[in-house]
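> Dropping the structure in here first, questions after.
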Amino acid sequence: MKKIIILLFLVFAFSGIDSADIIAYPVPFDPSFQTLTIDDKSGEISGNVEINFRIYDIASDLVYSRKYNSFPIKWKGYNNKGGKIAAGFYIIKIDVINDLTGENYKKIVRILVKKK
């Protein structure tokens, strides 16, 4: 476990990206009238990147997944089957891979989905 933590620290230090730079808003999020935005507020993540974006429910079931090439990511609250998600807590996992340098960045964001 210590080796993994050290490796992740080196990836963060090498890439110059702070874990606070990836943000999700608005939280709480209501998909009936809002769009969730996930963004890199530093602007450091650009170029030839692959962003693996996955959302899990609190039971660790995959709800939504998609690949993107840039930020910001916009999500309207639909699952992989095209239906609206239920209210509750969700976990967003973001993996960013720079295709040219091989740099890797991971971020986990927790969000609350509410409905009127």
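> Can Ile38 be described as under 17 Å from the mean Cα position of the chain (by Cα) and modelled with pLDDT of 75 or more?
Values: under 17 Å from the mean Cα position of the chain (by Cα): yes; modelled with pLDDT of 75 or more: yes.
It is true that Ile38 is under 17 Å from the mean Cα position of the chain (by Cα) and modelled with pLDDT of 75 or more.
> Going by the conditions given, is Gly77 surrounded by 13 or more Cβ atoms within 10 Å (Cβ to Cβ), of a type outside the set (Asp, Glu) and touching a Pro at 6+ places or on another chain (Cβ under 8 Å)?
Values: surrounded by 13 or more Cβ atoms within 10 Å (Cβ to Cβ): yes; of a type outside the set (Asp, Glu): yes; touching a Pro at 6+ places or on another chain (Cβ under 8 Å): yes.
Answer is yes for this residue.
> A further question follows. Being of a type in the set (Asp, Glu) and surrounded by 12 or more Cβ atoms within 10 Å (Cβ to Cβ) is the filter here, so list the residues in segment 80-116 that pass it.
If we filter segment 80-116 for residues that are of a type in the set (Asp, Glu), which is where we start, we get 95, 99, 103.
Within segment 80-116, Asp95, Glu103 qualify.
> Residue by residue through segment 72-116, note down the ones that are among the β-branched types (Val, Ile, Thr), assigned to a loop (DSSP other than H, G, I, E, B) and over 26 Å from Ile45 (Cα atoms).
First, the residues of segment 72-116 that are among the β-branched types (Val, Ile, Thr): 73, 85, 91-92, 94, 96-97, 101, 108-109, 111, 113.
Those left that are additionally assigned to a loop (DSSP other than H, G, I, E, B): 85, 101.
Across segment 72-116, the qualifying residue is only Ile85.
> Does segment 17-31 include one or more residues that are surrounded by 15 or more Cβ atoms within 10 Å (Cβ to Cβ) and modelled with pLDDT under 75?
yes
> Does Tyr64 meet the test of being among the aromatic types (Phe, Trp, Tyr), part of a strand (DSSP E or B) and in contact with a helix residue (DSSP H, G or I) (Cβ under 7 Å, 6 or more places away or on another chain)? Give the steps one after another, and end with the answer.
Values: among the aromatic types (Phe, Trp, Tyr): yes; part of a strand (DSSP E or B): yes; in contact with a helix residue (DSSP H, G or I) (Cβ under 7 Å, 6 or more places away or on another chain): no.
Here the answer is no, as Tyr64 does not meet what is asked.
The values are calculated or read from the model by the stated rules, or taken from the named source; none is laboratory data. Not measured: the values here are computed from a predicted model. Backbone-built Cβ (ideal geometry, glycine too); neighbour counts: all protein chains shown.
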